[in-house]
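Following: one structure in structure tokens, then a few remarks.
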Amino acid sequence: MPQIPLFPLNVALYPGVTLPLRIFEQRYLHLVSETLKADSGFGVALIRSGGEVGRASVWPLGVYVNIVDWSQGEEGLLHVQVTGQRRFRITSTSHAEDGLLLGDIVWLPQEAPKPIPAECDGLLAVLDELKQHASMLTLKFDPVDSADALSWQLAQLLPLDDKVRVELLAIEDPLVRLADIASNLDRWARSSRPNRG
């Protein structure tokens, strides 16, 4: 069972999405340095309790990332861009001497790309609208060319509860994931309508 270093985050990350990180803690500066030297990656997982600074516990699912760009900022701050690759399940965690979180993991199956069903036109429109939102400019997305890419990008951008985010990460069929997202959208639409009774 592989063991990988984990980077706890307050935001979920999904495969195919590029996220900027600002790194200043020594353990994470060391992690990035070792990762770049080894041309490898590390895991990111959504924080369940605690914070990004100090110790945190994480949800048991995460995404393995590769560093795609980095630059040195002011006062020792490191700017890194990571792209989500493979999903994994965390079976147990421990801490390195410097406090870095380590996870024993099991890789989840890789998804075979599936075409976007015709009935997902509405979800594509929702995604286009979300991408135009100014706060999303720090995220980078590949063009949507498959059902899995559509589902991951929607999951990244929609205002979901953390529990729902992790549940979506666990779903192995992108069509099932899209159906789940669509049912959540229907529920939000109903709850946001004014009550005329």
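The values are calculated or read from the model by the stated rules, or taken from the named source; none is laboratory data. What you are looking at is a predicted structure, and each value in this text was computed from that prediction instead of being measured. Don't worry about glycine lacking a Cβ; one is built from the backbone with ideal geometry, like all the others, and counts go over all protein chains shown. When the accessible area is computed, the model is the full protein with side chains, heavy atoms only, and any ligands, DNA or RNA have been set aside. Shrake-Rupley method; radii C 1.70, N 1.55, O 1.52, S 1.80 Å.
Quick notes
- Å² per residue, accessible surface of segment 7-147 at 1.4 Å: 54 Å²
- Magnitude of the charge dipole, the chain, Cβ model with Lys/Arg +1 and Asp/Glu -1, debye to 20: 540 debye
- Once exposed loop trypsin sites (Lys or Arg not before Pro) are cut out (DSSP; at most 11 other Cβ, 10 Å), longest piece of the chain: 56-195
- Dimensionless Rg/Rh of the chain - Kirkwood Rh, Rg from C-alpha atoms: 0.99
- Residue-wise HN-Hα coupling along segment 28-44, computed from phi with Karplus coefficients 6.51, -1.76, 1.60 (Hz; x: Gly, Pro): 7, 4, 5, 4, 5, 4, 5, 5, 5, 4, 8, 6, 10, x, 8, x, 10
- Fraction of accessible area attributable to carbon and sulfur, segment 15-112 (%, probe 1.4 Å): 49 percent
- Positive-end residue of I67, I90, L168, charge dipole of the chain with Cβ unit charges: L168
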